[in-house]
Structure formats: structure tokens, C-alpha cells
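Engineer: The following block contains the structure, expressed as C-alpha cells.
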Amino acid sequence: MNNLLNYTLEELKVWMKENGESAFRAQQVFSWIYKGVNEFEGMKNISKPLVSKLKENFNIDLPKVIEVYKSEIDGTEKFLLGFEDGNLIESVLMRYKHGNSICISTQVGCAMGCKFCASTIEGKVRNLTTSEILSQVLTVQNFIKDRISNIVLMGSGEPLDNYDNVIKFLEVVSAEYGLNIGQRHITLSTCGIVPKIYELADKDFSITLAISLHAFSDEKRKEIMPIANKYSIKEILEACKYYIDKTNRRITFEYALVKGVNDGKEDARALGNLLKGMLCHVNLIPVNEIKENDFRRSSKKCIDDFSEILKNYGIEVTTRREMGSDINAACGQLRRSYMETQELEGSKKW
Ligand code: SAH
């Protein structure tokens, strides 16, 4: 049975017509769903026969909220969500003065193999469907009884390795009939799957594209990111320029600073040379330390120096504040530690 969150308005209209109903019923059903009603019986203006027909064909299942962990340091809330097939994912909520922001996952696990990342340790389990990506926003929104206004696709998974589902998600989440979250308030982060960056640019969305660069040269990048064996930095930057030309949107480059690996002054200067003059912004991320590897965080002085050098190249730089360090907020950490405790207790399924 198909989840209605996989449908665009057009698609549901077609279904309505094929089933002898007026197309405008699709709009009515969607307004209930995106208001937070996820049972057909709760849709007051839908007739009983149509409710039965809908129930025979669709569900509006949301994942189960397994646990919510709240950081005592900064209030970040991490949601551990469980799907019907037993798979778990994480979504992180950050409440700011300007609104609620959510970091969502696009896959269970990840195939990209970045050395510093906890999500990828056991590879990719499966892609999330459009409804599963969307349902993270809906579930958390229903849970906190407040609107979410910003989305970052920076949880587990590589969004451009689940391209079709992610594109449909972007369409529905930003549509007026959907969650109506402005595309300018959505950021998609990728390790740099070049052909898909071109495809995304041609969609003419106004989302922000973030590229996980993490090194200034292919040689260095290959040491920490296997995807660098497939696409060069030169190819990524050409694709980024195409994206900027098409969308007029500024690109974000993410750079996780790892002690002794990519945090030297010469790295900063080389990165400055590489990016100067481009419509971009660099987000420095002090690496989140995970127990499965020995990548360590750069010192504060080192991060500040790195940032200053980039600024001298005329590049706008921000340093990401560490969020939720007490609740395993780094990608994939919570799911892993939860699964480990479950395994210890002899049960793999939540
Ligand atoms: N696959 C996508 C999006 C998910 S990861 C991507 O690669 O961009 C979101 C961001 O977190 C990426 O920039 C990723 O490189 C970074 N990241 C992953 N593990 C990290 C860690 N332990 N510390 C800091 N940043 C990390």
C-alpha cells in the first residue's frame, strides 16, 4: 500500500479522477495531512465512501518516535525515528529565534565511505522513500506542535545518491499544498556527485547547495573521501559554477577541520586560492569526534587562524557552533549507539 506522502498534488488529482471523484478532493486531503492529521477518519469534509476508498489504497504512516534526546548544553533535540521495517534514522531539531530548523536523513546508512563519518561505517542499508524523508519533518512538527521553517539535508545519507526521491521531496515540501517551506530555507549537502549537481541546477530550485569539500587538493581529499577518486575538485567547482549561473544562489563549502590532516595554514591558503572570487561561503566544522576512528578536532586557535586566512582572500567564513555534543548529535552516532545497546540486550529490532 502506498503512502500518500509519496504523492504530488497532481498525482493525487489523477487518482481522484480515475476513481470517479472530483479533483479538488486531492487538495482537501492534502490540507489535512499537512496540517498534521494522519488518519483519514479525521478529515471532516471527506465523505465516508471516499474515506473507505482512500483507506483501501493508501496510508499516511509516519515513523514512530523511539526516543527524543535533548542537549542540556544548547537545547538541540535529537529524534530517533523507527520505520515499519525496523530501520532507524535520526533527525535533529534546532530551535532558533528565527524559527525551527531540522536536519534530516535521506538514506539509512550511506555508501560514500567518508573516513570521519559515523553514518557510513556499515555502508548503505537502503534509500529512504519520498514519504520517509518528508515524514521526518511532519513527525517532528507534530511532536513539537510548532512549525518548522528551515531544513537541512545533512543527516545520514547522500541526497544525490537518492536523487529522484529527494527531488520529489523538495517539490512537495516547498509546495503551497505541502509543507510550504520556502526553497530558500532549504539546504542540500552533497559530497559532490558531479552529474547530479548539473541535473539539480537544471531544476531551477532556489535551494542552497552545500558541498562537502574538506580538502583543497584531490590528493588530500582522496585520503578522507573515497568519492574524490571518482570526481575531481576541478569538476566539482565547474559544476558549482554552473549551479551559480543557473540559480544565482551562493554555494556553501563545508570544511570539517581535522587535526593534522587538513587544518594547516598552507591548507587555508590553498583553499583561499581555490575559492577566491566565487559566489560562495565557507562553513568550517570542527570535526565531531567519534569513537570508531582517531580523527581529532583542531584547536580553537588553529580554527581561528584558518578562518582569518580565508577571510584575507575575501571569502566569507563561518565556524559552525558545535551542537548537541552531549547527545551524540554527529551524523549517525546516535543510531549506532542505540543499535549497539539493543544488540547487547539481544534484540535488534526496536
Ligand atoms: N552526504 C552528504 C550529507 C550528509 S553529511 C554530504 O556528504 O554532504 C553532512 C555534513 O557533515 C557533511 O559535510 C559531512 O562531511 C559532515 N560530517 C560527517 N561526519 C562528520 C564529523 N564526524 N564531523 C564533522 N562533520 C561531519
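The values are calculated or read from the model by the stated rules, or taken from the named source; none is laboratory data. Model, not experiment: these values are computed from the prediction. Counting neighbours? That spans all protein chains shown, and the Cβs are built from the backbone with ideal geometry, glycine included.
Engineer: Go through region 308-319 and report how many residues are modelled with pLDDT of 95 or more and within 16 Å of the ligand (Cβ to nearest atom).
Structural biologist: Residues meeting the conditions: 2.
Engineer: Mind telling me which of the residues Ile167, Ile193, Ile227 ends up being touching a residue at least 24 places away in the same chain (Cβ under 8 Å), touching a Gly at 6+ places or on another chain (Cβ under 8 Å) and surrounded by fewer than 23 Cβ atoms within 10 Å (Cβ to Cβ)?
Structural biologist: Testing whether each residue is touching a residue at least 24 places away in the same chain (Cβ under 8 Å), touching a Gly at 6+ places or on another chain (Cβ under 8 Å) and surrounded by fewer than 23 Cβ atoms within 10 Å (Cβ to Cβ) leaves just Ile227.
Engineer: Could you name every one of the strands (runs of 3 or more DSSP E) located completely within region 108-212 that has at least 3 residues being within 26 Å of Asp85 (Cβ to Cβ) and out of contact with any Pro (no Cβ under 8 Å at 6 or more places or on another chain)?
Structural biologist: 124-127, 148-153
Engineer: Considering only region 279-290, I want to know if a residue exists there that is at pLDDT 95 or above and over 25 Å from the mean Cα position of the chain (by Cα).
Structural biologist: For region 279-290, residues at pLDDT 95 or above and over 25 Å from the mean Cα position of the chain (by Cα): absent.
Engineer: Kindly list the number of the only condition in (1) closer than 14 Å to Cys280 by Cβ; (2) out of contact with any helix residue (DSSP H, G or I) (no Cβ under 8 Å at 6 or more places or on another chain); (3) within 13 Å of the ligand (Cβ to nearest atom) that fails for Ile251.
Structural biologist: Going through the list (1) closer than 14 Å to Cys280 by Cβ; (2) out of contact with any helix residue (DSSP H, G or I) (no Cβ under 8 Å at 6 or more places or on another chain); (3) within 13 Å of the ligand (Cβ to nearest atom), Ile251 breaks only (2).
Engineer: Suppose the filter is farther than 24 Å from Cys117 by Cα and under 21 Å from the mean Cα position of the chain (by Cα); does Arg269 pass it?
Structural biologist: The answer is no for Arg269.
Engineer: Scan Ser149, Ser156, Ser119 and give me the residue that is surrounded by fewer than 19 Cβ atoms within 10 Å (Cβ to Cβ) and among the hydroxyl-bearing types (Ser, Thr, Tyr).
Structural biologist: Matching residue, one of Ser149, Ser156, Ser119: Ser149.
Engineer: Right, something else. Looking at Phe169, Phe116, which is the one that is among the aromatic types (Phe, Trp, Tyr) and within 12 Å of the chain's Cα centre (by Cα)?
Structural biologist: Within the list Phe169, Phe116, the selection yields Phe169.
Engineer: From Ser91, Ser31, which residue is touching a residue at least 24 places away in the same chain (Cβ under 8 Å) and within 16 Å of Ile133 (Cα to Cα)?
Structural biologist: Going through Ser91, Ser31 in turn, the sole match is Ser91.
Engineer: Turning to a different aspect of this structure: Inspect region 174-184 for any residue being β-branched (Val, Ile, Thr), over 25 Å from Ala118 (Cβ atoms) and free of Cβ contacts under 8 Å to residues at least 40 places away in the same chain and give the result as yes or no.
Structural biologist: No, the conditions are met nowhere in region 174-184.
Engineer: Now for a different question. Whether any residue in region 12-27 is among the hydroxyl-bearing types (Ser, Thr, Tyr) and under 15 Å from Glu176 (Cβ atoms) is what I want to check.
Structural biologist: No, that holds for no residue.
Engineer: Right, something else. Checking Glu132 against (1) surrounded by fewer than 23 Cβ atoms within 10 Å (Cβ to Cβ); (2) of a type in the set (D, E, K, R); (3) closer than 15 Å to Ser105 by Cβ, which single condition isn't satisfied?
Structural biologist: Checking Glu132 against (1) surrounded by fewer than 23 Cβ atoms within 10 Å (Cβ to Cβ); (2) of a type in the set (D, E, K, R); (3) closer than 15 Å to Ser105 by Cβ, the one that fails is (1).
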